[in-house]
Amino acid sequence: MIPADAVLPCQDLEALVAADAITAPGGILPDQIQPASLDLRLGARAWRVRASFLPRPGGRVIDRIADVAMHEVDLAAGAVLERGCVYIAEIAESLSLPPGVGGRANPKSSTGRVDLFVRLLTDGQPAFDDVAPAYTGPLFVEIAPQTFSVLVRNGTRLNQLRIKSGRPPLLSVTSVGVDLTGEVCGYRARRHSGVIDMDHEGGHDPHDFWEALVARRGEIVLDPGEFYILCSKDEVVIPALQAAEMTPIDPAVGEFRAHYAGFFDPGFGTPEGAGEGSRGVLEVRSRETPFLLENGQIVARLVFEPLAARPSRLYGAAGSHYQRQGLALSKHFRAWT
């Protein structure tokens, strides 16, 4: 029996897979299941579309694609998705959730850190990233490369799904400030760079894609339309019985967006997950005007929700690219030297 009003931990996700509530051709791989989320994989087809869209209430995503598609893209051998374009891709996984069980999706950390904007689409749901309770049907993802063109293929993991029972209560909200100290305080993306292979870890020279930032007097100016990687001022700790999502602050506080990839799994930053000292990495983009950002300024919020039970494994316990992280680029890049 699934408890009400809580985020489901990995053992409950495994039970849903065993009950065929989550399926995919060839099955779900064990390493897709994280402590409180499920990695989603791209399917075999994508479409270049002329505009983003939401399905009509009760309508199917595949039918709406037919209205806006420019051409189909075969992902079996890999394909380059060009920056400035919008694509819709099939997700390999499909759902048949039990009553009262829904979900929410978010980009994976490595996706957000290369300025790749992705959002989940489901049939009949006129909202991005939300999966309605008892949803049965296919999944699709909108992909919009903002700064870099990317190489993806059937099986590439760009986003993740958190499954929830009922309406989990809000346990707490923590403000997240930015750290603008240190010899290098952040990175700014270089435009007109090469292609990033989303499945090639450590295979890219960071200097080809980024420039280092040095704060003067503990502040930097965010230029409109530019993309930055920054770091949280304080450590981030996610207790074993909670899950968190980083969300934007009130726009009245600043004309910028921070953190495209918002999920933090239980165990992040904890001694049990070998993660003491972990910081949150912030993906930041200014909007229409230059914005002066100061050391310690609040840029995002962490929203905490309860888990239905303690996960059978915690984030980072078996190793992770981002546990114990400070200021860090995505796993696609070699270390900055």
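Where a number appears in this text, it was derived from the coordinates with a stated rule and is not lab data. Keep in mind the model is a prediction, meaning the values are calculated, not measured. So basically every Cβ, Gly included, is an ideal-geometry build from the backbone, and we count neighbours across all protein chains shown.
Quick check: pseudo-label points 7 Å beyond the Cα along Cα→Cβ at Thr289 and Thr181, how many nm apart are they?
Rounded to a tenth, the inter-label distance reads 3.0 nm.
How big is the dipole moment of the chain about its Cα centre under a simple scheme where the beta carbon of each Lys and Arg is +1, that of each Asp and Glu is -1, and everything else is neutral? Debye, nearest 20, please.
240 debye
Just to be sure I understand the model, the point goes 7 Å from the Cα along the line to the Cβ. What's the resulting Phe128 to Ala18 distance in nm?
Taking the two extended label points, one gets 3.7 nm.
Pick out, from Gln32, Thr270, Tyr315, the residue whose Cα sits farthest towards the positive end of the charge dipole of the chain, with +1 on the Cβ of Lys and Arg and -1 on the Cβ of Asp and Glu.
My answer, from the dipole projection, is Gln32.
If you filter segment 96-147 for chymotrypsin sites (Phe, Trp or Tyr not before Pro), then keep DSSP loop positions with at most 14 other Cβ within 10 Å, what is left?
Sites meeting the loop and neighbour criteria: none at all.
Please find the FRET efficiency linking Val221 to Leu54, where r is the Cβ-Cβ separation and R0 is fixed at 30 Å, and quote it to the nearest 0.05.
Here the calculated transfer efficiency is 0.30.
Let me know the charge dipole size of segment 55-201 about its Cα centre in debye, to the nearest 20, where only the beta-carbon of Lys, Arg (+1) and Asp, Glu (-1) is charged.
The dipole of segment 55-201 has a size of about 420 debye.
Taking a quarter of the surface of the Cα convex hull of the chain, what do you get in nm²?
In nm², the orientation-averaged hull projection of the chain is 16.3.
Compute, for segment 1-112, the length of the dipole vector about the Cα centre, with Cβ point charges of +1 (Lys, Arg) and -1 (Asp, Glu) only. Units Debye, rounded to 20.
Charge dipole, segment 1-112, about its Cα centre: 480 debye, nearest 20.
Would you pull out the residues with amide H under 5 Å of Thr156's amide H, same chain only if 5 or more places away, H placed 1.01 Å from N?
It is Leu42, by chain and number.
Please report Thr174, Thr122, Thr147 as a ranked list, fewest other C-beta atoms within 10 angstrom at the top and most at the bottom.
With the sparsest Cβ surroundings first, the list reads Thr174, Thr147, Thr122.
As I understand it, the dipole of segment 56-179 uses +1 on the Cβ of Lys and Arg and -1 on the Cβ of Asp and Glu, about the Cα centre. Which of Thr136, Val73, Gly58 lies farthest toward its positive end?
Toward the positive end, the furthest listed residue is Thr136.
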